[in-house]
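Structure first, then comments.
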Amino acid sequence: MCMYKYILRPILFLWSPEKIHHLTFGLLNAFSLIPGFLTLLFGVKKQKNQFVDIMGLRLSHPVGMAAGLDKDGIAIRSMSKLGFSFLELGTVTPKPQAGNPKPRLFRLTSDQALINRMGFNNLGADALAKRLKKRPKGIIIGGNIGKNTETSNIKAVEDYAYCFEKLLGYVDYFVVNVSCPNISDLRELQDKDSLREILNRLLEIRKNRNSSVPLLLKVSPDLNDKQLLDLIGVVKETGIDGLVATNTSVSRENLKTDSEIIETIGNGGLSGKPLSKRSMQMIITLRNAFPKPFPIIASGGIMSSKDARERIDAGADLVQLYTGFIYQGPGLIRQILKKL
């Protein structure tokens, strides 16, 4: 972890965030083909199993990769070798799309945070399904699904249905993303009527295909009390299998970064340390509403082993890393497992 923090990270952070992201993935894929190289580079060691049985799946331990880090499944093998027990791919949409104009990913280093307005840039559900036909065995894969930017909310249910049907049989669980702040009008789909329609459609497809693949919903940290109560009601009514809490936030409160820099960056979803308190509150609220064994995956603001431990103690079954992984490196996985 020290080597990453004091040597590798300062070098990586000299590059623009999106450029170094693609470069790093390419290098990791190449390095993963060399036996023992990732162990040497990052000090990655095979973790002692801390088995978690959840949603009909057996995970070797409770730490996974959050959606957004590998949208198209191009780094499945290398991410797995870095120590994650499960990988959530996406957000994927029916058609390929380029996403929002660049620059669209920004570091707030003094806050240990990121702001992104990527806009669901991905190669599309067909391309992901094709890649997953050759997925390595023994790796748990989740599929995070959304709608194309050009698709109106009235027709959004068809986009979710397309992704669900296309990836059914290739992923081990699904996550419905209606809470990302970077797609125009997407969060309107958190309205209880729209959300009910989408979830019921996917459950109907699952039933017709004689499948039992788990279906989860990703929750926004920006919901007010009424919206959260509505969401809880829809989840109970539809009977979906679990929740991921939370997505990125539009909030800019209590940041150390200069306000002029924040204003220059503009819109986007905030992730990282500033979300820690709110995401933790959401875990507590949701666990009170949904007693175990209802699955809750903690995502958002997990920057240390202490953060992960607190979320597990609050009722989360699994934790996912994104921004914490970027700032702390692969050693964070090992530190979390030691803490657990």
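Look through region 152-189, keep the residues that are of a type in the set (D, E, K, R) and assigned to a helix (DSSP H, G or I), and return whichever of them is modelled with the lowest pLDDT. Out of the qualifying residues, it is Arg187. Has region 276-296 got any residue that is free of Cβ contacts under 8 Å to residues at least 40 places away in the same chain, part of a loop (DSSP other than H, G, I, E, B), touching a Ser or Thr at 6+ places or on another chain (Cβ under 9 Å) and surrounded by fewer than 17 Cβ atoms within 10 Å (Cβ to Cβ)? No: zero hits. Residues of region 158-185 that are under 26 Å from Asn267 (Cβ atoms) and surrounded by 17 or more Cβ atoms within 10 Å (Cβ to Cβ): Asp159, Tyr160, Cys163, Val175, Val176, Asn177, Val178, Ser179, Cys180, Pro181, Asn182, Ile183.
Under the condition of being crowded, with 24+ Cβ neighbours inside 10 Å and not in a helix (DSSP H, G or I), the residues counted in region 297-309 number 6. It is to be established whether one or more residues within region 165-173 are touching a helix residue (DSSP H, G or I) at 6+ places or on another chain (Cβ under 9 Å) and within 20 Å of Arg117 (Cα to Cα). No; the residues of region 165-173 include none that is touching a helix residue (DSSP H, G or I) at 6+ places or on another chain (Cβ under 9 Å) and within 20 Å of Arg117 (Cα to Cα).
State yes or no: is Asp230 surrounded by 15 or more Cβ atoms within 10 Å (Cβ to Cβ), part of a loop (DSSP other than H, G, I, E, B) and charged (D, E, K, R)? Here the answer is no, as Asp230 does not meet what is asked.
Looking across region 188-219 at every residue that is farther than 16 Å from Ala161 by Cβ and touching a Leu at 6+ places or on another chain (Cβ under 9 Å), the one that is surrounded by the fewest Cβ atoms within 10 Å (Cβ to Cβ) is identified as Lys192.
If you go through region 237-251 and keep only what is in a loop (DSSP other than H, G, I, E, B) and either in contact with a His (Cβ under 6 Å, 6 or more places away or on another chain) or closer than 15 Å to Leu223 by Cα (or both), you end up with Thr246, Asn247, Thr248, Val250, Ser251.
Please determine whether any residue of region 73-90 is surrounded by fewer than 20 Cβ atoms within 10 Å (Cβ to Cβ) and either assigned to a strand (DSSP E or B) or modelled with pLDDT of 95 or more (or both). Within region 73-90, one or more residues are surrounded by fewer than 20 Cβ atoms within 10 Å (Cβ to Cβ) and either assigned to a strand (DSSP E or B) or modelled with pLDDT of 95 or more (or both). Filtering region 310-340 to residues that are surrounded by fewer than 22 Cβ atoms within 10 Å (Cβ to Cβ) and of a type in the set (D, E, K, R) leaves Glu310, Asp313, Asp317, Arg334, Lys338, Lys339. Evaluation of Gln112 against the conditions (1) farther than 26 Å from Gln328 by Cβ; (2) crowded, with 19+ Cβ neighbours inside 10 Å; (3) more than 15 Å from the chain's Cα centre (by Cα) shows that the sole unmet condition is (1). Against the numbered list (1) in a loop (DSSP other than H, G, I, E, B); (2) more than 22 Å from Thr238 (Cβ to Cβ); (3) among the hydrophobic types (A, V, I, L, M, F, W, C), Phe106 comes up short only at (1).
The values are calculated or read from the model by the stated rules, or taken from the named source; none is laboratory data. Please read these numbers as outputs of a predicted model, since none were measured by experiment. In this analysis, Cβ positions are derived from the backbone assuming ideal geometry, glycine residues included, and neighbour counts consider all displayed protein chains.
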